[in-house]
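Peer 1: First the structure, then my questions, so here it is.
Since every read-out is calculated from the coordinates, none of them should be taken as a lab result. Please read all numbers here as calculations on a predicted model, not as lab measurements. Note that we place each Cβ from the backbone using ideal geometry, even for glycine, and neighbour counts take in every protein chain shown.
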Amino acid sequence: MDLNLKNPDGYLFKAAAYYNQEKFNDALVTATTGIATIPDYYLLYYFRASIYRKLNNATLADADDAKVKELASK
């Protein structure tokens, strides 16, 4: 699936599709790539935090949750 690099929803939807297939590492890579491409899209951080929680990495999940709060307050 090719993504429009300027459309953050594409990354979110693709990551969600991987997540629903229990392909958590692919979901993580997709969300992280989206964040690198569009760093102010807070929903990708929010979703990546949920992936980290599923993978039992509370430290990284908490860091992404903090970034969500930072971006949402702008």
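Peer 1: Can you give the local net charge around ALA61? Use residues other than it whose beta-carbon is closer than 12 angstrom to its beta-carbon, Lys and Arg +1, Asp and Glu -1.
Peer 2: Once all neighbours under 12 Å are counted, the net charge is +1.
Peer 1: While we're looking at this one, here's another question. Once the Cβ-Cβ distance between LEU55 and LYS6 is put in as r, and R0 is 30 Å, what FRET efficiency do you end up with, to the nearest 0.05?
Peer 2: Efficiency, rounded to the nearest 0.05: 0.55.
Peer 1: Expected output is a single nm value to one decimal: the length gained when fully extending between GLN21 and ALA63, i.e. 0.36 nm times separation in residues minus the C-alpha distance. What is it?
Peer 2: That pair, GLN21 and ALA63, stretches by 12.6 nm at full extension.
Peer 1: In addition: Per the Cauchy relation, a quarter of the hull surface: what is the mean projected area of the convex hull of the alpha carbons in the range 1-64, in nm²?
Peer 2: For the Cα atoms of the range 1-64, the hull's average projected area reads 3.8 nm².
Peer 1: Can I ask one more? Please give every one of the lysines within straight-line cross-link reach of LYS54, meaning a C-alpha to C-alpha distance under 19 Å, and leave out same-chain neighbours fewer than 8 residues apart.
Peer 2: Within the straight-line cut-off, LYS54 pairs with LYS14, LYS23, LYS67.
Peer 1: Packing-wise, with mean Cβ within 10 Å as the measure, how do 16-26, 43-53, 58-68 rank, highest first?
Peer 2: Highest mean packing first, the order is 43-53, 58-68, 16-26.
Peer 1: Under 8 Å for C-alpha pairs, at least 6 residues apart: give me the relative contact order for the chain, rounded to a whole percent.
Peer 2: Taking the mean separation of contacting Cα pairs over the length of the chain, I get 25 percent.
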